[in-house]
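Undergrad: Sharing a structure here in C-alpha cells format.
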Amino acid sequence: MTIERFEVPGLAQFSYMVEDGGEAVVIDPMRDARYLDAAAAKGWKITHVVETHIHADYASGAKALAEHTGAELAVSAHDAGERFQYRMPHRGLRDGDVVRVGKMQLKVLYTPGHTPEHLSFVLQQGSGEPTAIFTGDFLFVGSLGRPDLLGEAETARLAAELYHSVSERIAALPDALQVLPGHSAGSLCGAGMSDRPESTLGEERATNPYFSYGEQEFVQKILDASPEMPSYYPLMKELNSDGAVAFESLPEMKALVGGEVSGSSATIIDLRKPEAFGEAHIPGALNLGLAGNLSMWAGWLLSPETDVIFVGETEEDCREARTALARVGLDRVAGYLRGGMAAWIASGRSVARTRQASVADVEQAKDALILDVRNAAERAHGGIKGARAIPLGELPAALPELNRGQEIVAVCGSGYRSSAAASLLQRAGFEQVSHLGGGMAAWESRIQG
C-alpha cells in the first residue's frame, strides 16, 4: 500500500492518492492532471475518486477526474436537505460505508461541523488495524475547520456538530492513527493550524487545544478564532455542487500583441514582483504576483465573469498563473502579453508607475493615510500608529469610503498585498498612491534598529 500526498502551496491544500495492488483512490483532488500523470508514471489505475466535503476554497477536480478515468465518484450522502448538495452523478456515502481499493479499504466516518455533510476516511489494510485517517477540513494539525461557512444562521449548529465530531465521533479511534488533513498553515479554512503536513490522533488529543474544551467553551473559542472569509467561498461551493469542467477542456491561452491588449476590456493581471511592477506596468493593471497566494487573492478580488490577460516574465509564468486561476474557478483567460513588459515598452505605449515608499518616507508623510491591508491576526502583533485597517480582500468594497485627494500609503507584511492594494487604488483612479517597500518587516527592523 502506498500513500502519495499532493500539495498546492498557494492554497495550502493537500490531496492524496492511495494505491494497493495497482488500484488507486484519489481523495479531494484539485483541478489539474497531476493525478493522471502520477498514476501513469507508476502504472496505477485510478478506480475511485472520493471527497471529504463540498469545498469552498478551491474548484474540485473530482467530477472531471472520475469522468476521465471511469472511476467511481463517491461523496457524502449527508448533504440531503442542506443548502449545498452534490448534483453530479455519484455514489452516496453514509457513516460506516466502505470504499474498497485493492485489498485495502476506506471506512466512512461522518464528521460534520466544518460543513454539514463532511466525511473523514479511515484507512485499513485488509482485516488489520486502521493506520490513517484522512480528515479533510475537519481536523488539522493543531486546529479544526471553521464552522461559519454557511452564514450566521447555521454557524451555531455547525459549531456544536464540530464539538461532537471531536469529542464523540472519533473517540474510539486509536492514538497511533496517522492524521492526514486537507490543509496546513496558510489556508483560511481554519485558524491556528500548523505548517506540518501530518500528525497522529494521540498527538492531537494531547496538544490540540480544541480537544480540551467543554462544549460551551469550545463553541466560543472556535467562533472567536475564525479568520476573515474570502468572498468567493460561496461561489466555489456552488461550483463544486455541480462539479467543475475539466481543466484540459478549457480553450488554449493565446499570445497577444500590444494592440490586442490595449484594445481589450479584460482585466490585466501583472504577475511580476512588486519592485518590477512599480518600475513600469500597463496602466490599470492589477499586481497579483505569481510568487504569492495567487489563487486565493485572484478568487477574492476577481469575478468568475471577468476576462483576464496576464503580463509575466515568461510564457511559463503565464501558464502557471492560468492553472492557479482555474483552481478557484476563474476560467476566462483571454491570453497573455507576448514578450511581457519589455515588448510593451518597446512598442512606445504608455506605462504607469507605483512609488515604493521607504520607512523614512512613511515617517515623514504626516498627512497621509496609512492603509494597513493585513488581517486581524497580523495586526494583533502590532502596526503603525494611526493606520487605518482594511484587509486587502475588503478593499474593493471600501474604496468609496476613501478620500481620493489624500495621499495613501498601503502597508502589509512584506509588500505583496500592499502592492496589490496600491494597484487596486490606482486602477480606481486614486493618484497619490504608494506602498511601503518591505512591509511591516522593514518597518519593525528600522524602528527596533
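The values are calculated or read from the model by the stated rules, or taken from the named source; none is laboratory data. Quick caveat, the model's predicted, so the values are computed rather than measured. Note that we place each Cβ from the backbone using ideal geometry, even for glycine, and neighbour counts take in every protein chain shown. The area values use the complete protein model at the heavy-atom level, side chains included, leaving out ligands, DNA and RNA. Shrake-Rupley method; radii C 1.70, N 1.55, O 1.52, S 1.80 Å.
Undergrad: Within the stretch 290-309, can one find any residue that is open to solvent by 10 Å² or more (accessible area, probe 1.4 Å) and in contact with a strand residue (DSSP E or B) (Cβ under 6 Å, 6 or more places away or on another chain)?
TA: Within the stretch 290-309, one or more residues are open to solvent by 10 Å² or more (accessible area, probe 1.4 Å) and in contact with a strand residue (DSSP E or B) (Cβ under 6 Å, 6 or more places away or on another chain).
Undergrad: What residue, of 282, 222, is buried (at least 23 other Cβ atoms within 10 Å of the Cβ) and in contact with a strand residue (DSSP E or B) (Cβ under 7 Å, 6 or more places away or on another chain)?
TA: Result of the check over 282, 222: 222.
Undergrad: Here's a follow-up. Just to be sure, is residue 46 open to solvent by 20 Å² or more (accessible area, probe 1.4 Å) and either among the hydrophobic types (A, V, I, L, M, F, W, C) or closer than 28 Å to residue 146 by Cβ (or both)?
TA: No: the conditions fail for residue 46.
Undergrad: Conditions: (1) surrounded by fewer than 16 Cβ atoms within 10 Å (Cβ to Cβ); (2) of a type outside the set (Val, Ile, Thr); (3) closer than 24 Å to residue 433 by Cβ. Residue 316 meets all but one. Number of the miss?
TA: Here residue 316 meets the rest and fails (3).
Undergrad: Where in the stretch 164-246 are the helices (runs of 4 or more DSSP H), entirely inside, with at least 2 residues that are in contact with a Leu (Cβ under 8 Å, 6 or more places away or on another chain) and closer than 22 Å to residue 326 by Cα?
TA: 233-242
Undergrad: Within the set of pairs 6+ apart or on separate chains, which have a first residue in the stretch 224-244 that is over 10 Å from residue 54 (Cβ atoms), a second that is part of a loop (DSSP other than H, G, I, E, B) and of a type in the set (Lys, Arg), and C-beta atoms under 7 Å apart?
TA: What qualifies is 226/146; 242/87; 244/31.
Each row is one residue, and each column tells you yes or no for (1) out of contact with any Pro (no Cβ under 6 Å at 6 or more places or on another chain); (2) assigned to a loop (DSSP other than H, G, I, E, B); (3) within 30 Å of residue 33 (Cα to Cα); (4) in contact (Cβ under 8 Å) with a residue 40 or more places away in the chain.
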site: 310; (1), (2), (3), (4): yes, no, yes, yes
site: 335; (1), (2), (3), (4): yes, no, yes, yes
site: 356; (1), (2), (3), (4): yes, no, no, yes
site: 363; (1), (2), (3), (4): yes, no, no, no
site: 371; (1), (2), (3), (4): yes, no, no, yes
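Undergrad: Shifting gears a bit: What number of residues within the stretch 14-33 are more than 23 Å from residue 141 (Cβ to Cβ) and within 27 Å of the chain's Cα centre (by Cα)?
TA: 5
Undergrad: A further question on this structure: Might you let me know whether the stretch 130-140 holds any residue that is hydrophobic (A, V, I, L, M, F, W, C), in a loop (DSSP other than H, G, I, E, B), touching a strand residue (DSSP E or B) at 6+ places or on another chain (Cβ under 9 Å) and crowded, with 18+ Cβ neighbours inside 10 Å?
TA: Yes, there is a match, as at least one residue in the stretch 130-140 is hydrophobic (A, V, I, L, M, F, W, C), in a loop (DSSP other than H, G, I, E, B), touching a strand residue (DSSP E or B) at 6+ places or on another chain (Cβ under 9 Å) and crowded, with 18+ Cβ neighbours inside 10 Å.
Undergrad: While we're looking at this one, here's another question. Being in contact with a strand residue (DSSP E or B) (Cβ under 8 Å, 6 or more places away or on another chain) and buried (at least 18 other Cβ atoms within 10 Å of the Cβ) is the filter here, so list the residues in the stretch 327-354 that pass it.
TA: Selection gives 327, 330, 333, 334, 335, 336, 337, 340, 341, 344, 354.
Undergrad: Pick out the one residue from 115, 155, 111 that is among the hydroxyl-bearing types (Ser, Thr, Tyr), under 19 Å from residue 56 (Cα atoms) and touching a Ser or Thr at 6+ places or on another chain (Cβ under 8 Å). It would help to see each step written out before you state the result.
TA: On the way: 115 fails: touching a Ser or Thr at 6+ places or on another chain (Cβ under 8 Å); 155 fails: touching a Ser or Thr at 6+ places or on another chain (Cβ under 8 Å).
Exactly one residue qualifies, and that residue is 111.
Undergrad: Name every residue in the stretch 141-172 that is closer than 19 Å to residue 199 by Cα and either surrounded by fewer than 17 Cβ atoms within 10 Å (Cβ to Cβ) or free of Cβ contacts under 8 Å to residues at least 40 places away in the same chain (or both), in order of residue number.
TA: 167, 171, 172
Undergrad: Filter the stretch 86-106 for residues that are assigned to a loop (DSSP other than H, G, I, E, B) and farther than 18 Å from residue 66 by Cα; which is modelled with the lowest pLDDT? Explain how you work it out, then say what you get.
TA: Here is the first cut: in the stretch 86-106, the residues assigned to a loop (DSSP other than H, G, I, E, B) are 86-90, 94-97, 102-103.
Cutting the leftovers down to farther than 18 Å from residue 66 by Cα gives us 94-97, 103.
Values: 94: 98, 95: 98, 96: 97, 97: 98, 103: 93.
Here the residue is 103.
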